[in-house]
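Peer 1: Input: one structure, supplied below.
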Amino acid sequence: MKELKKLFQNNRNWVKEKTGENPNYFKSLADAQDPLYLWFGCSDSRVPANEIVGLEPGELFVSRNVANVFPHTDFNCLSVLEYAVNILKVQHVIVCGHYGCGGVKAAMEEHPLGLVDNWLRHIRDVYAKHKGEIEALEDNTKRYRRLVELNVRQQVLNVCHTTILQEAWHKKKPITVHGWVYDLESGYLEDLNCCYTSLEQVESIYKMR
Ligand code: CO
């Protein structure tokens, strides 16, 4: 309980700080949100989306789950994406993974964890797809880092393959999907250069119409 009291105290201090800088801070935030970016990241407590990219409340729409997975039929991911694209009209969708991801590590190991193993199957699919490339790397650290990157790339593709993104691109909405990776040890973000901006980049088997 003592610790939770601390959280409320932190909250009071934060309100004081924000309203000290701008008395209308919460009032203007309460009126509307107008984020330009949607972030799909990992739930890991060491990867706080807003802080990493220096954005304030109201500037980044965020969805996080274990190991930043975007399954084709996940209603949470799809609802977030649809709301962000069609209602908030974000212009950038960022899938951000991170080195040192426990979810990705678990997907490379044999120990059963429980229900989450089913979720992490999506990452085992990525491993299976790129098995040759991953296993050609000489040590486990490199394999682990590569799987983190390949997982981001796959989830970027999954976002692009949704009806939501394809409809938006068909209507010529300016939306870019990005794949990034965050390094827990340095604090730096890295762009994996897997940017998608139009329907033309979507592989034909996944393309609508
Ligand atoms: Co993680």
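Peer 1: May I ask you to say which residue of Leu113, Leu137, Leu60, Leu78 is of a type in the set (A, V, I, L, M, F, W, C) and within 30 Å of Thr19 (Cβ to Cβ)? Before the answer, list the steps.
Peer 2: On the way: Leu113 fails: within 30 Å of Thr19 (Cβ to Cβ); Leu137 fails: within 30 Å of Thr19 (Cβ to Cβ); Leu78 fails: within 30 Å of Thr19 (Cβ to Cβ).
Residue meeting the stated conditions: Leu60.
Peer 1: Here is a follow-up. Answer yes if at least one residue in the range 62-80 is more than 16 Å from the ligand (Cβ to nearest atom), more than 22 Å from Leu120 (Cα to Cα) and either surrounded by fewer than 16 Cβ atoms within 10 Å (Cβ to Cβ) or modelled with pLDDT of 95 or more (or both), and no otherwise.
Peer 2: No, the range 62-80 contains no residue that is more than 16 Å from the ligand (Cβ to nearest atom), more than 22 Å from Leu120 (Cα to Cα) and either surrounded by fewer than 16 Cβ atoms within 10 Å (Cβ to Cβ) or modelled with pLDDT of 95 or more (or both).
Peer 1: Same structure again: Between Lys18, Lys5, which is open to solvent by less than 60 Å² (accessible area, probe 1.4 Å) and not assigned by TED's automatic domain parsing to the domain that holds Gln154?
Peer 2: Details: Lys5 fails: open to solvent by less than 60 Å² (accessible area, probe 1.4 Å).
The conditions single out Lys18.
Peer 1: Checking Arg46 against (1) away from the ligand (no atom under 16 Å from the Cβ); (2) charged (D, E, K, R); (3) open to solvent by 70 Å² or more (accessible area, probe 1.4 Å), which test does it fail?
Peer 2: Unmet condition: (1).
Peer 1: Looking only at helices (runs of 4 or more DSSP H) that lie completely in the range 108-179, which have at least 3 residues being out of contact with any Ser or Thr (no Cβ under 7 Å at 6 or more places or on another chain) and under 18 Å from Asp74 (Cβ atoms)?
Peer 2: Numbers: elements: 116-129, 131-135, 140-160, 163-170.
It comes to 116-129, 140-160, 163-170.
Peer 1: Could you pull out the residue among His161, His92, His122 that is touching a strand residue (DSSP E or B) at 6+ places or on another chain (Cβ under 6 Å) and either touching a residue at least 40 places away in the same chain (Cβ under 8 Å) or on the phi > 0 side of the Ramachandran plot (or both)?
Peer 2: Testing whether each residue is touching a strand residue (DSSP E or B) at 6+ places or on another chain (Cβ under 6 Å) and either touching a residue at least 40 places away in the same chain (Cβ under 8 Å) or on the phi > 0 side of the Ramachandran plot (or both) leaves just His92.
Peer 1: Can you report the number of residues in the range 180-209 which are open to solvent by 50 Å² or more (accessible area, probe 1.4 Å) and in a helix (DSSP H, G or I)?
Peer 2: Total satisfying the criteria: 5.
The values are calculated or read from the model by the stated rules, or taken from the named source; none is laboratory data. Quick caveat, the model's predicted, so the values are computed rather than measured. When we count neighbours, we look across all protein chains shown, and the Cβ atoms used for this are built from the backbone with ideal geometry, even at glycine. Protein only, heavy atoms only, side chains kept; ligands, DNA and RNA dropped before computing areas. Shrake-Rupley method; radii C 1.70, N 1.55, O 1.52, S 1.80 Å.
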